[in-house]
Amino acid sequence: MITAEQKPIDEIREMIAPYKRVLAVGCASCVAECAAGGQKETAMLASALRMADKMEGEERLIEEMTIDRQCVKEFVLLLDDVLDKYDAVLSLGCGAGVQAVADMYPEVPVVPALNTEFMGETKDQGYWTESCLGCGDCMLYYFGGVCPLARCSKHLLNGPCGGSMNGRCEVDPDVPCAWQLIIERLEKFGALERLEMIYPPKDWSLKQGRGPRKIVREDQQK
Amino acid sequence: MNDQEKPVLALFYCRNVPQSGEAERQTLEEKYGRSVRFFPIPCSGRLEPVHLLKALEEFADAAYIIACPEGTCRYFEGNHRAKKRVERTKEIIGSIGLEGERVGIVVGSREGTKTLAQQAEDLTARISALPRSPVHVRR
Amino acid sequence: MKNASRLKRVLDAGEFAVTAECGPPKGADSEVILKKGEKLKGYVDAVNVTDNQTAIVRMSSLAACALLKSAGLDPVLQMVVRDRNRIALQSDILGASALGIRNVLCLSGDHQCFGNQPQAAGVFDLDSIQFVEAVRNMRDMGVIVGGEALDGAPDLFIGAAANPFGDPQGFRAIRLGKKVRAGADFIQTQCIYNLERFETWLRMAHDKGLTEKTAILGGVTPLKSAGMARYMKNKVSGMDIPDAVIKRMEGVSKENQREEGVRICVETIERLKELNGVRGVHIMAIEWEEAVAGIVEKAGLFPRPALGEG
């Protein structure tokens, strides 16, 4: 899933300040999972914004709507029927959701309410960790299911570095050393000798070689 | 202080609170008039921050939840969740400049749990010094 | 090619090598680095110049090495992979060789969060082992990463760093093996205070045949004070300073702590000289370059061997 966190409310208020009729649009997918932009959070934010406006004697209409997936055209189109009523959208989607709305309605200002962060897992209730960089060439098999790109702070393919201490990364004692995890995992499989190999330089062009990436699947098209 | 000036309380309570049935609630509603609005819920764990926020947004100067004593929640963790959600609501209202005391949780004590009537009396006293909310009254 | 690496020649001659470290200034004043070089000249075979160590912006290692070279020293160009992609790294290798620099130490580099530019993007396009291999292939096969031929191969003695005290212990020998296979001609280790643990690591290296294939130089750092010892023990990752060493430093009065630190350093070097598989010492006297001369003398390593012109 994609994780995000809500921007500080002052920042949001500053961005919506010029608009008098705002629709806060939540998303029921990833951002609901990380409790940042789902229906609940959208209702909470809208209420707080309305109260803040009232406290300042500010006249502004703020209403809410949540769609299933803000990054999918079919769902974004549901806004067609309602957008006339508003002069801006406050999107609680991830960066992809915000842009899907903005691309669909280029004349409507779209304000992001969230800071999108990483691709990761819900490790436990209320706890999310980054685990995938989207490198385009998954090597997880070779590293026992632990990604050295996303989870090693220096994304070493031939780690660990000299700063690994007590299984922790030099950057932050709360961050486990990914290479410690990889070594332990491969030891369990009896496959530690896989790490004798010198992994060659990563092909980063699969991630950034030609600008923003796209996938086209004709078999999936109408 | 006349009725118009008293802070308005939104009081959420779980049905486990002693003497909190329909009849008792109606009596209390008559007693308090517009200064307390009563919201029974099946368990304090069903309370969401948005309930407290909407109460504050629409009419209340303060919004409180009464939860069961530690270890006695019928649904085991309801009172824990309520506590966390009240904390979250405090953060949110703090971020827009409202005093934290406008929301709160009262956890009954294991020895001698108070009735709804007693809780209402305690709480109205507790919030009586709170100024009217700037959401409803421009200062 | 003329101007061969003195470090390489000393090691080839079977002598116990001495290298030291020198940090460039946080500014553009060439005098600073030249003065440091002066203090070390004649006492060491080669001088490492750090590369934006701890991710703090300093005069570039390449420039500082060029200055030291002009002053008659044999510099070791330290290069971290944190700040430059493979294009820049390989380009700097060619430039270094063109300037007559004959030694390079390929490192990962401290993470950018530690320095004075924590908002910088960390590059890490290659890792240190891939970098060692890239330099080896440039030198021995005349090609860059991907195989395209160079127009004139660089001439460099290639080094890598090793930490005998980092985790996970069991894996350290495999990692050292990889560095050697990638092409590390010499290895400089993290500073040693725990000789027992170092010797365990050395034995593992020996058992894998690595002490034959690469020249291991044991790292040492003279402690300036008990406070420094405690700081390094608790705050610097990848260090192992036994309590006995801390106690020894604390056991002498403040004015005598530097002397004690030097004494411990010299004792460590004496032990390293005896160890089979250790071919030299790397003295990292951080911001205390003037101590190096005394340490080299007391450890019986002065004067440095005279080699024929080359």
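Read-outs: derived from the displayed coordinates by stated rules, not from any lab. Fair warning: this is a prediction, and the values are worked out from it, not measured in the lab. So basically every Cβ, Gly included, is an ideal-geometry build from the backbone, and we count neighbours across all protein chains shown.
Details
- For chain C, the Cα-based Rg and Dmax, in that order, read 18.6, 61 Å.
- Taken as Cα centroids, region C:257-291 and region A:105-119 sit 58 Å apart, rounded to the nearest whole angstrom.
- On Cα atoms only, tilt of C:30-40 relative to the major axis of chain C in degrees: 60 degrees
- Diffusion constant of the protein assembly as shown at 20 °C, which comes from Stokes-Einstein with the Kirkwood Cα-pair radius and 1.002 mPa s, µm²/s: 71 µm²/s
- Most positive-pole-ward Cα, A:212, B:127, A:143, against dipole of the protein assembly as shown from beta carbon charges: A:143
- Dipole orientation for the protein assembly as shown: of the candidates A:30, C:265, B:42, C:265 has the Cα lying most toward the positive pole (charges on Cβ; Lys, Arg +1; Asp, Glu -1).
- Scaled to the globular estimate 2.2 N^0.38 Å, the Cα spread of region A:2-118, given as radius of gyration, is 0.95.
- Near residue A:117, once Lys and Arg are set to +1 and Asp and Glu to -1 for all other residues with Cβ below 14 Å from its Cβ, the sum equals -3.
- Pairs of Cα atoms nearer than 8 Å and 6+ residues apart set the relative contact order; for chain B it is 31 percent.
- Relative contact order computed over chain A (Cα-Cα under 8 Å; 6+ residues apart), in percent: 17 percent
- Shown for region B:22-122: lysine pairs separated by 8 or more places, or found on different chains, whose C-alpha atoms are under 21 Å apart, numbering 5.
- Violating pairs (Cα-Cα greater than 19 angstrom) within the set A:188/C:178; A:154/A:188; C:224/C:298; A:20/A:54: A:188/C:178; A:154/A:188
- Based on C-alpha pairs under 8 angstrom that are at least 6 apart in sequence, chain C has a relative contact order of 19 percent.
- The charge dipole of region B:9-127, taken about the Cα centre with unit charges on the Cβ atoms of Lys, Arg (+1) and Asp, Glu (-1), comes to about 300 debye, rounded to the nearest 20.
- Fewest-first sequence of C:248, A:194 by Cβ atoms within 10 Å of each Cβ: A:194, C:248
- For region A:2-118, the dipole from Cβ point charges (+1 on Lys and Arg, -1 on Asp and Glu) about the Cα centre works out to 140 debye, to the nearest 20.
- Global form of region B:9-127, assessed from the alpha-carbon gyration tensor, a/c cut-off 1.5: oblate
- Neighbour-count ranking [beta-carbon atoms within 10 angstrom, fewest first] of A:44, C:228: C:228, A:44
- Magnitude of the charge dipole for the protein assembly as shown, about its Cα centre and with charges confined to Cβ atoms of Lys, Arg (+1) and Asp, Glu (-1), is about 900 debye.
- The distance from the alpha carbon centre of region B:99-128 to that of region C:142-208 is 68 Å, rounded to a whole number.
- Reported to the nearest whole Å, the Cα centre-to-centre distance from region B:31-87 to region A:168-222 is 47.
- Per-residue Cβ neighbour rank within 10 angstrom, fewest leading, C:193, A:105, A:199, B:64: A:105, A:199, C:193, B:64
- Per-residue ellipticity at 222 nm from helix content only, as computed over chain A with -39500 (n - 2.57) for each DSSP H run of at least four residues, stands at -7500 deg cm²/dmol.
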